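Novice: Dropping a structure here in structure tokens format, bear with me for questions.
The values are calculated or read from the model by the stated rules, or taken from the named source; none is laboratory data. Owing to the predicted nature of the structure, the values given are computational and were not obtained by experimental measurement. Cβ sites come from the backbone with ideal geometry, for glycine too, and all protein chains shown count toward neighbours.
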Amino acid sequence: MRKQNMNRDFMATARTLSEALPYMQRYSGAVVVVKFGGNAMGDDEAMAEFASDIVLMKQVGIHPVVVHGGGPMINDLLNKLGIESNFVRGKRVTTRETVEVVEMVLSGLVNKRIVQAINDAGGRAVGISGKDDDLMVCEADDPELGFVGRPVEMNVQIIRDLYNAGLIPVIAPVATGMADNETFNVNGDTAAGAIAGALKADRLLLLTDVSGVKDASGEVVTSMHPDQVKAMIADGTIAGGMIPKTETALKAVEEGVRAVVILDGRVPNATLLELFTEHGAGSLIRT
Ligand code: X2W
């Protein structure tokens with residue numbers, strides 16, 4: 001009995017692998033930017049699983065590029081230090097004091113935790129921020145927000161150099177300014193969109209903690225044209241935190257990203273489900 005069940009499991013595994021072949025062929029050599037948000041990160045086990053999915057992508061010939069957030073981790077350290085922090089339209093009001101904490105947490109703690117997890121899974125990850133090789137140069141997004149950056153110049157050759165050398169870039173959304181010595185805090189979705197746009201990536205996967213973009217009846221819309229997204233923002237169906245995400249998606253598609261997917265990063269193997277199965281996951285936005 002036990003033997004039979006095991007056989008059935010092995011057969012299902014073999015079938016799954018076999019069904020993944022056309023997807024592996026389709027994505028071989030593709031550039032896939034994965035935004036890993038702080039809310040999608042979870043515990044060590046979830047982190048290890050994310051890391052192993054990224055390593056699997058690299059193994060089958062995809063060039064994964066990880067751009068991460070870490071909002072909840074920034075909140076934790078700001079709280080410990082007794083520094084108050086507020087959000088305006090989804091972005092953190094960032095003082096000179098705050099931006100130092102943001103850089104320490106994102107470029108230090110969060111970036112290295114992801115790098116370590118990918119390396120533990122057998123990959124070769126290298127952690128950088130938007131400052132390295134002037135990858136992302138910003139100007140102030142809005143005077144009300146302080147040191148929050150809007151990317152104005154992208155130099156993505158460093159990313160191509162890394163992935164062509166077999167490495168997996170892991171990027172913290174901290175950037176340099178036009179003037180000397182300036183540091184900007186960049187929203188993780190904004191950074192991922194700008195990087196994917198500059199790379200003309202095949203896919204931008206925005207991993208979050210919701211199942212996708214929902215319609216008026218609360219159902220996840222699996223596939224959307226940019227015009228439909230714009231209409232849903234205009235009539236209020238898309239609201240709150242989903243606005244900056246969908247706006248990032250629209251901009252990325254405009255800049256030449258082939259498709260953007262907003263999906264729930266807490267679902268086990270979310271990225272593999274999206275890339276290597278017929279069903280996909282979350283909401284896909286493309287022209
Ligand atoms: C974000 C950067 C981190 C981030 C912040 O300070 O929280 C701005 O709001 P998640 O986990 O992806 O939300 N920056 C300007 O985006 O993290």
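Novice: So, of the residues in segment 122-157 that are assigned to a loop (DSSP other than H, G, I, E, B) and either basic (Lys, Arg) or surrounded by fewer than 19 Cβ atoms within 10 Å (Cβ to Cβ) (or both), which turns out to be farthest from the ligand (Cβ to nearest atom)?
Specialist: Filtering first and then ranking leaves GLY122.
Novice: Moving to a separate point now. With respect to the numbered conditions (1) at pLDDT below 95; (2) away from the ligand (no atom under 11 Å from the Cβ), which one is the sole condition not fulfilled by GLY82?
Specialist: So the condition that GLY82 fails would be (1).
Novice: Consider only pairs whose beta carbons are under 6 Å apart and that are at least six residues apart or on different chains; among these, list those whose first residue lies in segment 141-153 and is under 18 Å from THR95 (Cβ atoms) and whose second residue is in a loop (DSSP other than H, G, I, E, B) and more than 8 Å from the ligand (Cβ to nearest atom).
Specialist: These pairs meet every condition: LEU145/VAL93; GLY146/VAL93; GLY146/THR95.
Novice: List every residue pair whose Cβ atoms lie under 8 Å apart, where the two residues are 6 or more positions apart in sequence or sit on different chains, the first residue falls within segment 87-108 and is on the phi > 0 side of the Ramachandran plot, and the second residue, located anywhere, is assigned to a helix (DSSP H, G or I) and more than 7 Å from the ligand (Cβ to nearest atom).
Specialist: These pairs meet every condition: ARG89/PRO244; GLY90/ILE243; GLY90/PRO244.
Novice: Still on this structure, please answer the following. Are any of the residues in segment 97-110 within 12 Å of the ligand (Cβ to nearest atom), touching a Gly at 6+ places or on another chain (Cβ under 7 Å) and farther than 22 Å from THR271 by Cα?
Specialist: The answer is yes, given that some residue of segment 97-110 is within 12 Å of the ligand (Cβ to nearest atom), touching a Gly at 6+ places or on another chain (Cβ under 7 Å) and farther than 22 Å from THR271 by Cα.
Novice: Are there any pairs, at least 6 apart or on different chains, whose C-beta atoms fall under 7 Å, with the first in segment 62-81 and assigned to a strand (DSSP E or B) and the second among the aromatic types (Phe, Trp, Tyr) and away from the ligand (no atom under 14 Å from the Cβ), and if so, which?
Specialist: From residues that are assigned to a strand (DSSP E or B), the pairs are HIS63/TYR163; VAL65/TYR163.
Novice: In this structure, is ASP141 of a type in the set (D, E, K, R) and under 11 Å from ASN185 (Cβ atoms)?
Specialist: Judged against the criteria, ASP141 is a match.
Novice: From (1) over 16 Å from the mean Cα position of the chain (by Cα); (2) at pLDDT below 95; (3) part of a loop (DSSP other than H, G, I, E, B), pick out the condition that doesn't hold for GLY166.
Specialist: (2)
Novice: Determine whether segment 28-46 contains at least one residue that is in a helix (DSSP H, G or I) and under 23 Å from ASP142 (Cβ atoms).
Specialist: yes
Novice: Given the conditions (1) within 11 Å of the ligand (Cβ to nearest atom); (2) at pLDDT below 95, which single one is not true for ASP44?
Specialist: Of (1) within 11 Å of the ligand (Cβ to nearest atom); (2) at pLDDT below 95, only one is false for ASP44: (1).
Novice: If a residue has to be within 14 Å of the ligand (Cβ to nearest atom) and of a type in the set (A, V, I, L, M) to count, how many in segment 171-203 make the cut?
Specialist: 9
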